[in-house]
1. Any idea which of V57, V49 is within 25 Å of Y144 (Cβ to Cβ), over 16 Å from the mean Cα position of the chain (by Cα) and among the aliphatic types (A, V, I, L, M)?
2. Let me confirm something: among H78, H86, which residue is in contact (Cβ under 8 Å) with a residue 12 or more places away in the chain, closer than 30 Å to L16 by Cα and not polar (S, T, N, Q)?
3. Quick check, is S41 closer than 17 Å to D146 by Cα and assigned to a helix (DSSP H, G or I)?
4. Out of the stretch 136-147, which residues are of a type outside the set (D, E, K, R) and out of contact with any helix residue (DSSP H, G or I) (no Cβ under 6 Å at 6 or more places or on another chain)?
5. I'd like to verify a number: residues in the stretch 1-25 that are surrounded by 12 or more Cβ atoms within 10 Å (Cβ to Cβ), assigned to a helix (DSSP H, G or I) and not small (G, A, S), how many?
6. Among the numbered criteria (1) free of Cβ contacts under 8 Å to residues at least 24 places away in the same chain; (2) small (G, A, S); (3) under 25 Å from S147 (Cβ atoms), which one does A68 miss?
7. Would you confirm whether or not the stretch 80-95 contains a residue that is surrounded by 12 or more Cβ atoms within 10 Å (Cβ to Cβ), over 19 Å from Q130 (Cα atoms) and acidic (D, E)?
8. So which helices (runs of 4 or more DSSP H) are wholly in the stretch 84-176 and hold at least 3 residues that are among the β-branched types (V, I, T) and on the phi < 0 side of the Ramachandran plot?
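Read the figures in this text as sums done on the coordinates, not as results from a lab. Keep in mind that what you see is a predicted model, and the values were worked out from it rather than measured. Note that each Cβ is placed from the backbone with ideal geometry, even for glycine, and that neighbours are counted across all protein chains shown.
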Amino acid sequence: MKYVWLFIKTVLRLVLKPLSFVPAIIVMYCIFNFSSQSGVSSAQLSYKVTHKLVETVDTIADLELTDAQINVYTDKYHFYVRKLAHFSEYFLLAVTVSFPLYVYGMRGIWLMVFAGAFCVGFACLDEYHQSFVAGRTPTKRDVYIDSCGIFLGIILTRIVGFIGRKTIFAPLAKKR
């Protein structure tokens, strides 16, 4: 039984550890595709999302807003939804980049530096890429917003990893 367990651990280590980077690649692909949209189609998509959010809040809070009021609130919050999308995309990227690095043993300041530099570099390349897309312009403000999402994502990964090591995986560490 001991050898079966050892075999399973070896297979998991050889197969699943390298696959832990796949979510990061998928998130990078999605970010690249969102950046490839023209300015008009990107604005339309985020406007639809904002409109749906305002309608949902109206329904949940039972505000009974008219269509004109919904449009006013949609226009008011559209900018913030777009910036929250930037923050969220890069938060998710930071988590999906930090987790595999954490699994491979990178901890502490090195995790923050390496994952942070990688994600911020990708954010800069993303803004540069937008300079070639019709109706899009690169802005430093977007990179700053992305960086805030990145920082929060890395911090969250470190906290979850620390809690996991102290609780869930502590019995496994004692077996060694």
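1. Values: V57 fails: within 25 Å of Y144 (Cβ to Cβ).
Only one candidate passes the filter, namely V49.
2. H86
3. Values: closer than 17 Å to D146 by Cα: no; assigned to a helix (DSSP H, G or I): yes.
It is false that S41 is closer than 17 Å to D146 by Cα and assigned to a helix (DSSP H, G or I).
4. Across the stretch 136-147, the qualifying residues are T137, T139, Y144.
5. The total comes to 2.
6. Here A68 clears every test but (3).
7. Scanning the stretch 80-95 turns up no residue that is surrounded by 12 or more Cβ atoms within 10 Å (Cβ to Cβ), over 19 Å from Q130 (Cα atoms) and acidic (D, E).
8. Counting at least 3 such residues, we get 108-130, 140-166.
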